[in-house]
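Only one structure is covered here, and it is reproduced in the block below.
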């Protein structure tokens, strides 16, 4: 059974290992930057675990629409609440195919709907744009250059509807 829960301090070594495993086209963000998201928005940063082992994570936070936050820089504050921003979703290789990413995403979308957000935004990196399209996200205009996110990075958004 896979359990989704908010991040705890003891999860960071596993989260950092998964990040290192998953990102090969851009420099992984340091612990200080990663944990900063959970410090500013602890209710919307999650891990998926099975039998106490972290299999994946999703870091989210409120943000300005159409202006993704910078990478590798700790945030002093959350810059707006125009959209629910999915900063980083990663799943360990051993958990691929188990639906971990979809479970984490479903948790985030339910949270965003319950909090009244109308849109979810993200920057898809590496080979992820196809995954995000399958989840209903569509490319959207951004006021910010995405060079720091690597080649082929795409800002994408998903409109939210009220839960049934």
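The values are calculated or read from the model by the stated rules, or taken from the named source; none is laboratory data. Model, not experiment: these values are computed from the prediction. Quick reminder, even Gly has a Cβ in these numbers, built from the backbone with ideal geometry, and neighbours come from all protein chains shown.
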For region 1-16, what are the residues that are in contact (Cβ under 8 Å) with a residue 12 or more places away in the chain and either closer than 17 Å to residue 148 by Cα or in a helix (DSSP H, G or I) (or both)?
-> 11, 12, 14, 15, 16
Result of the Cβ filter at 9 Å on region 141-164, keeping first residues that are over 18 Å from residue 23 (Cβ atoms) and partners that are modelled with pLDDT under 90 and buried (at least 17 other Cβ atoms within 10 Å of the Cβ), at least 6 apart or interchain, is none
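Hey, any hits in region 47-56 for a residue that's touching a residue at least 24 places away in the same chain (Cβ under 8 Å) and under 23 Å from residue 144 (Cα atoms)? Even if it seems obvious, please write down each step before you answer.
The initial filter retains those residues of region 47-56 that are touching a residue at least 24 places away in the same chain (Cβ under 8 Å), namely 47-50, 53-56.
Filter once more, so that each one left must be under 23 Å from residue 144 (Cα atoms): none.
No, region 47-56 has no match at all.
Filter region 65-74 for residues that are over 21 Å from residue 104 (Cβ atoms), in contact with a helix residue (DSSP H, G or I) (Cβ under 9 Å, 6 or more places away or on another chain) and either surrounded by 15 or more Cβ atoms within 10 Å (Cβ to Cβ) or free of Cβ contacts under 8 Å to residues at least 12 places away in the same chain (or both) and give the result.
So the first thing to find is which residues in region 65-74 are over 21 Å from residue 104 (Cβ atoms), and the list is 65-67, 70, 72-74.
Of the ones still in play, those that are also in contact with a helix residue (DSSP H, G or I) (Cβ under 9 Å, 6 or more places away or on another chain) are 70, 72-74.
Selection gives 74 alone.
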Residue among 62, 13 that alone is surrounded by fewer than 20 Cβ atoms within 10 Å (Cβ to Cβ), closer than 16 Å to residue 120 by Cα and modelled with pLDDT of 95 or more | 62
Residues being touching a residue at least 60 places away in the same chain (Cβ under 8 Å) and part of a helix (DSSP H, G or I): count how many of those fall in region 18-43.
-> 5
Only one of (1) touching a helix residue (DSSP H, G or I) at 6+ places or on another chain (Cβ under 7 Å); (2) crowded, with 16+ Cβ neighbours inside 10 Å is not met by residue 119, so which one is it?
-> (1)
For region 87-94, indicate whether the set of residues that are more than 18 Å from residue 8 (Cα to Cα) and surrounded by fewer than 18 Cβ atoms within 10 Å (Cβ to Cβ) is non-empty.
-> yes
